[in-house]
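A quick write-up on the structure given underneath.
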Ligand code: HEM
């Protein structure tokens, strides 16, 4: 794929030669994550998180399938069946904690992955499609995690399902019937639990499918890198294997240490105690909060407290919550700066570190806090900045800012010199979006 | 074009938020935050140190047996423990015959082998602890319209579980004069008892542990209210997660192995990259 200097798969063993003729699966792997895929030599650790996300997906699928062997998706016994897993199934406690904390780990990893994309503008041409597919994956992950959290049928499962499906009832005219249709009843009950289980089992495989498209799209231009300067020559790249397999192996080790520390020593730290109370439609918990990874969006939802232009406050909140993720779809066209990396964008960088990151931190905090002052006012300010950042600041800043000078090439950046740079007609400071030489 | 639309959409959300903010801020400035009795008088759990705490924590079996005795002789009159099977009590250090005898001391639901009618029979080790009331209506009728919750998961279902149960059991007191003065409506109603550790300050459980020596410990420990409360809390921490000890014991070798493997992976990474890094 990608670059003309990519190594070609040459099976030496007769069996592999035979297989390569009939079904070139090893060739596919070799070109995708083996020595046949040239990758920029200057990637930093932020580029580890895609592989980690893939690992998390597999971890969730494996632990999930094992849980599903013992779990019973019926409102009468769902809660007891999870307790049965915790107490009576051999290593069941480990599987359940691994799955519940695996979901959190997955979101930590994916949030860092998205952050990387935002700072280094990985969403820009020629990588728009990778980014768009990534946003689709994120939406699917949210749906999957939401439905998974309903399955143990504790208090937060039940009330979370009720509140989140209740959002649809804010839609004019069709809202109420839509909610009833989604739940299969007027409130979450057996019908809802059953369909959530069915979809919760299905969606991870849909995610896996979109992940394959995501990686396919990645392999056309190849990975970006911290300078944002496109690959020019073979000297700018190293083969994925062994260079990045080794680096990803180390990254995976660090990830597993942190993950297992939580899993074995604080497995309930990220969960809510109320979910150890069986679902009870007659008793509303004092504070209904979703899992931590939904907090920023929950804060945006609750920030809209006043009707606006005849739009009821609740509907505004719902629209804004969905819009807060949907704006990501438009980023490749809202950010018009020809420079990718935030490192070379002085003005962008200021808004990023002193605007977007604090706003996200406030939204994370307020989404988990009770809906009272000062948290509501704080989330209103942070939400305002959030929308302003993507919809107003980014288009304007990217048009007016003067980027810092870029290195001539990746090699020059790494080694301090690149013999080709002297031969080049001029050291163009600003990269035009030059897609990698397409040869396949 | 897309940028103009984007800025307009941004303004739309921005103005809506600013409007919400202004209205909220004005209301807040005028009315402030309403003070509630719960906010002013609720207290966070006292410290409780159990042998099972911490990354190296292990259950103190002697204490768990004492705690079980408190549960059996006091709490089980009103609270079930439905996720715990009698057989699990062997983990507390009871022998098989002892567990059989304990199980036989509880009446569990059964069927009359001759008539098929519902009756009760003495428990066997594979049974689970029975619920003390036939159903929620019976539970409410006997407890001033409140349902005593099943205690199997109580320490996981409350923040600071063990410490919370301990604080609740030892936290009964007369409502402070300041409370009665500022929030007369927060005074305990009939059949309710003031307890600042309970989220809404008044609960329907009469203080279950009232006097020293309410149970007689076999191991000679003095059964003060303090001691019984600690012991039963420790027991309920075990009941909430009997696998807690195994979990922590499994964690260490796992982390050890991962640390070793990660160091190896790091060395491999360094040596593979040695000639590709900048040489300065
Ligand atoms: C994208 C991947 C996935 C995510 C983000 C995810 C997330 C979650 C979450 C948050 C829960 C609730 C955890 C708890 O409180 O116990 C859950 C439960 C569950 N998940 Fe998943 N999951 C994923 C994949 C899967 C897969 C592939 C399966 C099965 C094929 C599965 C099966 C289950 C089952 C049976 C439960 C209920 C048991 C329990 O509550 O412990 N999950 N999931």
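Given R₀ = 45 Å, FRET efficiency for residue B:260-residue B:190 by Cβ-Cβ distance, to 0.05? Kindly include the intermediate steps, with their values, before the conclusion.
Working: r = 64 Å, r/R0 = 1.42.
Computed FRET efficiency for residue B:260 and residue B:190: 0.10.
Against the main long axis of the alpha-carbon atoms of chain A, helix A:245-265 sits at an angle near 20°. For helix A:49-68, what angle does its Cα long axis make with the longest principal axis of chain A, in degrees from 0 to 90 and rounded to 10? On a 0 to 90 degree scale, this one is about 40. For residue A:199 and residue B:61, a Förster radius of 56 Å and the Cβ-Cβ distance give a FRET efficiency of 0.80, rounded to the nearest 0.05. The alpha carbon convex hull volume per residue for region B:107-258 rounds to 204 Å³. Between residue A:90 and residue A:347, how many nm apart are label points set 7 Å from Cα along the C-beta direction? Result: 6.5 nm between the two label points.
What 222 nm value per residue comes from the helices of chain A, counting each DSSP H run with n ≥ 4 as -39,500 (n - 2.57) and dividing by all residues, nearest 500 deg cm²/dmol? Mind showing how you got there, number by number?
Numbers: 19 runs with 249 residues, N = 440.
That comes out to -18000 deg cm²/dmol.
I'd like the FRET efficiency for residue A:208 and residue A:171, computed as 1/(1 + (r/R0)^6) with the beta carbon distance as r and R0 of 45 Å, rounded to 0.05.
Working: r = 31 Å, r/R0 = 0.69.
Calculated transfer efficiency: 0.90.
As a proxy for reagent exposure, ranking A:366, A:56 by other Cβ atoms within 10 Å from fewest up yields A:56, A:366. Among B:226, A:83, the order by Cβ neighbours within 10 angstrom, fewest to most, reads B:226, A:83. Placing a label point 7 Å from the Cα of residue A:163 along the Cα-to-Cβ line, no residue of region A:63-86 has its backbone N under 12 Å from it. As a rough footprinting exposure proxy, the listed residues B:46, B:100 were ranked by other beta carbons within 10 Å of their own, and the order from fewest upward is B:46, B:100. Counted residue by residue at 0.36 nm each, then reduced by the alpha carbon distance between them, the extension gain from residue B:206 to residue B:135 reaches 23.5 nm. Report the residues of region A:83-111 in range of a label on residue B:246: point 7 Å along Cα→C-beta, backbone N strictly under 12 Å from it. Label zone hits: A:85-95.
Which residue fluctuates most in the GNM of chain A (Cα springs below 10 Å): A:14, A:204, A:403? Of A:14, A:204, A:403, the most mobile in the Gaussian network model is A:14.
Normalising the average separation of contacting C-alpha pairs (under 8 angstrom, six or more residues apart) by the number of residues puts the relative contact order of chain A at 23 percent.
Taking Cα atoms, how many degrees apart are the long axis of helix A:190-218 and the longest axis of chain A, rounded to 10 and kept between 0 and 90? With both axes taken from Cα atoms, the answer is about 10 degrees. Taking the inverse of the mean reciprocal distance over all distinct Cα pairs, the Kirkwood hydrodynamic radius of the protein assembly as shown comes to 29.6 Å. Each label was represented as a point 7 Å from its Cα along the Cα-to-Cβ direction; for residue B:275 and residue A:354 these points are 4.7 nm apart.
For the pair residue B:102 and residue A:336, label points projected 7 Å from Cα toward Cβ lie 7.5 nm apart.
Quick note: the coordinates plus some simple rules give every number you see, no bench work behind them. All values derive from a computational prediction rather than experimental measurement. Quick reminder, even Gly has a Cβ in these numbers, built from the backbone with ideal geometry, and neighbours come from all protein chains shown.
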